[in-house]
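Below is one structure, written out as structure tokens; the observations come after it.
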Amino acid sequence: MKKLIEIFKKNKIIYQFFIYLNLKRFQLIAYFIPDSIYVKWQYRIILGKKLNLKNPVTFTEKIQWLKLNWKDEVLTVCADKYKVRDYVRNRIGEEILTKFYGVYVKVEDIILDDLPASFILKVTHGSGQNIICKNKNDIDWNYTFKLLKIFMANNHYYCGREFAYKNIIPHIICEEYLGNENSVPVDYKFFCFNGEPRFVQVDFGRFTKHERNFYDMNWKPLPVRWSCPHFEGSVNKPQCFEEMCQVTRKLSQGLIFVRVDLYSVNGKVYFGEMTFYPTSGYPKLVPSNYDYIFGSYLQLPDQV
């Protein structure tokens with residue numbers, strides 16, 4: 001199968017059609033599997049242990065519990081890359097939002113001549129399904145538009161039973177790109193529990209040499225690894241760190257748990273997105289005791 005996939009990859013059109021067929025087949029099969037059975041199976045496959053939903057203790061267990069039991073409409077709004085802009089605007093204001101260039105119902109609605117040289121295209125109902133355009137003259141748009149069509153056809157909910165994505169109406173949005181041709185900005189991801197940020201994940205070089213550190217709210221490094229290797233260089237606390245903390249408090253107020261992603265560019269804070277199930281709730285935390293430490297911050301409704 002791997003050799004067949006490699007052959008397909010050499011022909012972009014065939015490869016994308018292959019991915020499309022597999023997504024459709026997966027969604028059809030997944031549709032008939034109850035959510036609780038599905039997440040228990042996925043948890044066992046990915047983390048290699050039994051999922052405890054009756055008395056969840058760890059961070060990974062509690063995120064699975066939230067998938068199955070926390071079904072507030074606000075999750076759909078905040079996970080929607082388009083609607084969340086109004087949510088942020090109402091709680092914080094316009095100033096932390098990136099420039100907005102357009103929203104599209106289908107790929108064919110995108111007029112490249114109307115867009116600046118650099119921008120980001122996002123599907124509103126997905127996670128990580130973004131097109132980062134540093135220079136639109138360097139992009140293979142025939143291939144990229146086919147890829148966007150595949151993103152649009154996929155319901156991200158079925159991949160990990162993440163309720164927040166289930167009812168989002170698919171659109172494509174175009175926003176300002178904050179980086180330059182050489183690099184993307186550092187990503188600050190604040191983990192907020194009942195309206196209070198407890199630690200921050202900092203991502204470096206996400207599309208080149210991806211490295212990641214964790215810090216507590218006093219900017220003390222946490223000795224935990226989550227998927228990526230540590231960044232070994234010196235990392236200064238952002239000058240606008242306190243402002244970022246205040247932003248995350250306002251955005252996460254009233255929410256059991258959410259990760260709020262922000263950027264700091266030339267001392268100015270920008271909103272990225274809000275995520276309720278980081279890594280779909282399946283991070284392999286090293287050392288493993290951090291699954292319990294992070295889990296102790298997450299107080300479920302019946303545990304408050």
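Every number here is computed from the coordinates shown, using simple stated rules; none is lab data. Owing to the predicted nature of the structure, the values given are computational and were not obtained by experimental measurement. FYI the Cβ positions are ideal-geometry reconstructions off the backbone, even for glycines, and counts take in every protein chain you see.
Quick notes on this structure:
- Residues of the chain were split at every exposed loop site, defined as trypsin sites (Lys or Arg not before Pro) in a DSSP loop with at most 10 other C-beta atoms within 10 angstrom, and the longest piece left, sites excluded, is 55-208.
- Residues Val265 and Lys237, FRET efficiency given R0 of 25 Å [Cβ-Cβ distance, rounded to 0.05]: 0.95
- Pairwise FRET efficiency - Ile37 versus Gln246, Cβ, R0 = 45 Å, nearest 0.05: 0.60
- Of Pro34, Val57, Phe204, farthest towards positive along the dipole that unit charges on Lys, Arg, Asp, Glu beta carbons give the chain: Pro34
- Cβ-based exposure ranking for Thr60, Thr144, Thr124, in which fewest neighbours within 10 Å come first: Thr144, Thr124, Thr60
- Charged-residue dipole, Cβ positions (Lys, Arg, Asp, Glu), the chain about Cα centre, Debye nearest 20: 1240 debye
- Value of [θ]222 nm, deg cm²/dmol, for the chain, DSSP H segments ≥ 4, -39500 (n - 2.57) each, nearest 500: -10500 deg cm²/dmol
- Two-site label geometry, Trp219 and Lys71: point separation in nm, points 7 Å out along Cα→Cβ: 4.4 nm
- In the chain, Cα pairs under 8 Å separated by at least six residues give a relative contact order of 21 percent.
- Fewest-first ordering of Val123, Val202 by other beta carbons within 10 Å of each residue's beta carbon gives Val202, Val123.
- Zone residues, segment 273-304, relative to Asn52, backbone N less than 12 Å from point 7 Å out along Cα-to-Cβ: 292
- Dipole of the chain, positive end: most advanced residue of Tyr215, Phe294, Cys245 [Cβ charges, Cα centre]: Phe294
- Within a Gaussian network of the chain (alpha carbon springs, distance under 10 Å), most fluctuating of Tyr143, Tyr38, Tyr290: Tyr143
- Among (1) 150; (2) 135; (3) 241, the entry derived from the coordinates for volume of the Cα convex hull per residue in Å³: (1)
- Dipole magnitude of segment 184-299 about its Cα centre (Cβ charges: Lys, Arg +1; Asp, Glu -1), debye to nearest 20: 60 debye
- The ranking of Met274, Met217 by Cβ neighbour count inside 10 Å, starting from the fewest, reads Met217, Met274.
- Taking the Cα centre of segment 81-138 as reference, the dipole from Cβ charges on Lys and Arg (+1) and Asp and Glu (-1) amounts to some 300 debye.
- Links that overshoot a 28 Å alpha carbon limit, given the list Lys40/Lys71; Lys99/Lys189; Lys62/Lys83; Lys71/Lys134; Lys220/Lys268: Lys71/Lys134
- The length gained on full extension between Asp109 and Glu94, counted as 0.36 nm times the residue separation minus their Cα-Cα distance, comes to 2.8 nm.
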